[in-house]
1. On the given criteria, is residue 41 of a type in the set (Lys, Arg) and surrounded by 14 or more Cβ atoms within 10 Å (Cβ to Cβ)?
2. Name the strands (runs of 3 or more DSSP E) wholly within region 81-196 that hold at least 2 residues that are open to solvent by less than 20 Å² (accessible area, probe 1.4 Å) and among the hydrophobic types (A, V, I, L, M, F, W, C)?
3. Need the failing condition index for residue 286 against (1) assigned to a strand (DSSP E or B); (2) under 30 Å from residue 137 (Cβ atoms), just the number.
4. Specify which of the listed residues (256, 318) is in the same structural domain as residue 364 (by the TED database), within 27 Å of residue 367 (Cα to Cα) and open to solvent by 30 Å² or more (accessible area, probe 1.4 Å).
5. Are there any pairs with C-beta distances below 8 angstrom linking a residue in region 112-128 that is under 15 Å from residue 49 (Cβ atoms) to a residue that is among the β-branched types (Val, Ile, Thr), with the two at least 6 apart or on different chains, and if so which?
6. What tally of residues in region 60-79 results from selecting those that are open to solvent by 20 Å² or more (accessible area, probe 1.4 Å), out of contact with any Cys (no Cβ under 9 Å at 6 or more places or on another chain) and either under 15 Å from residue 31 (Cα atoms) or among the basic types (Lys, Arg) (or both)?
7. I'd like the full set of residues that are open to solvent by less than 50 Å² (accessible area, probe 1.4 Å) and at pLDDT below 90, limited to region 224-240.
8. Can you confirm whether residue 284 is open to solvent by 60 Å² or more (accessible area, probe 1.4 Å), touching a strand residue (DSSP E or B) at 6+ places or on another chain (Cβ under 8 Å) and over 23 Å from residue 345 (Cβ atoms)?
Amino acid sequence: GDGCGHMVMYQDSGTLASKNYPGTYPNYTLCEKKIQVPLGKRLILKIGDLDIESQKCESSYLTIQSSSTLHGPYCGNVMPIPKEIILDSNEATIHFESGSHVSGRGFLLSYASSDHPDLITCLERANHYTKAEYSRYCPAGCRDIAGDISGNIGEGYRDTSLLCKSAIHAGVIADELGGQISVTQQKGISRYEGVVANGVPSHDGSLSDKRFIFTSNGCNKSLSLEEGFLSKTQVTASSYWEETNEFGQLFQWSPNKAWLQVPGLAWASNHSSNREWLEIDLGEKKRITGIKTTGSGSMTLNFNFYVKTFTMNYKNNNSKWRTYKGILSNEEKVFQGNSNAGDIVRNNFIPPIVARYVRIIPQTWNQRIALKLELMGCQIMQANSSFTHSMWQKPSQSTETSLGKEDRTATEPVPLEETNLGLKLTAIIVPILIVLCLFLFSGICICAALRKREAKGLSYGLSSAQKSGCWKQIKQPFTRHQSTEFTISYNNEKETPQKLDLVTSDMADYQQPLM
């Protein structure tokens, strides 16, 4: 039968594994798959794991066939297994075949184009590296690979955690695309708290010598931490539940109680259908990179309300509601929500939502729709001034449909050419003006001294000389007949250097000091 197992392939990278990996692969099975990267690129493969029960590669083996070369067969301990294979073409055929056997995990491999020579497999952990800072490329498809991670994006991850799976959990890369990660290793902490994020569970971890964090662009903080955020925003809903308890007390599960920062009850809808929604008006357009959700909470012991899955809509002023869609498909993206009423679950938006209004639309729930939430993101200008993270880079033209035109424009960095030009002009002109002022001041002082000596009867020249004034006397040593020019250069080689003409003619002769 079909011996192919986990498989995620994108245009620039991917991950393949045998059926049941890391369990035992089936008897008498065949897996053959063609992989490719864009034309003009070379294919890089890395075998993360290979455990095939065969001594001479007769009935069970793995081969990699490019246009001109056959790599393998690989099995058992007969032939050394290369950690990396660089092919001379942009495509290859992966062939895995098995006969009768008792044990064996099969294989797991990752591939990418030659644009990513720092490719790693889904099985690499942070404790495999000793450098304090490093950058690697994760292939698509590492989310569902077996292997534990401990920690979260806030405090960091235990160094025994899988790197690429942790990056998906942190919202640094999307599983469908893969991407570049930048890692910093730090001293470990006594305990790591596990949370669920982006469909990946993280487990509690114990003391470790080291931990690692991912370099961020700073646009993943809680929007509610901004000054006056809650007062500027407005929360509405399709309906809300008014509960009357056995003592006749009325409790309102209203929309303004939906914020995680607001203690007490959550928002709960009066009806249970997928036409219910919770809407947030942020007051202005913002960049939203993620959402945290929880259910009715641990304080309401009598209720176990929470939303299991939900979708997102968004819009700006005077525009229609738009559905947030998957990266590689044109279908609405369904986010995995909570599995109980008390735990907080995080989902990241890759690419981010740029909008003023957002709607959360529950799709499935437990008992009753109930929700508390927190939005993560930043001001649009803050995102522009920070560096553009790989998780926000458009993967290709085909995925541009998930971002509107105004959204793509908002992510472009602000040019600094004009600012640099102004600084350079100021640095040149200001000293020149200071020198000219000093020169004029000195002339005034000398002129005043000459007049004072004249008043005492100490004449320094004939009547004709006196008529010409002190400026004539001062002027002589510094007489210039040509204009003085300063050339101002720019970093941009395309611009023509401009000349600033400081002196355009000979100094005029003044009988009185020039003020």
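1. yes
2. 91-98, 106-113, 179-187
3. (2)
4. 256
5. These pairs meet every condition: 121/15; 121/47; 122/15; 122/145; 123/145; 125/160.
6. 1
7. Once the filter is applied, which keeps residues that are open to solvent by less than 50 Å² (accessible area, probe 1.4 Å) and at pLDDT below 90, region 224-240 yields 224, 228, 229, 233.
8. So residue 284 fits the description; yes.
The values are calculated or read from the model by the stated rules, or taken from the named source; none is laboratory data. Keep in mind it's a predicted model, so treat the numbers as computed, not measured. Neighbour counts are summed over all protein chains in view; Cβ atoms, including those assigned to glycine, are modelled from backbone coordinates with ideal geometry. For the accessible areas, the whole protein counts, side chains as well, though only heavy atoms, and no ligand, DNA or RNA atoms are used. Shrake-Rupley method; radii C 1.70, N 1.55, O 1.52, S 1.80 Å.
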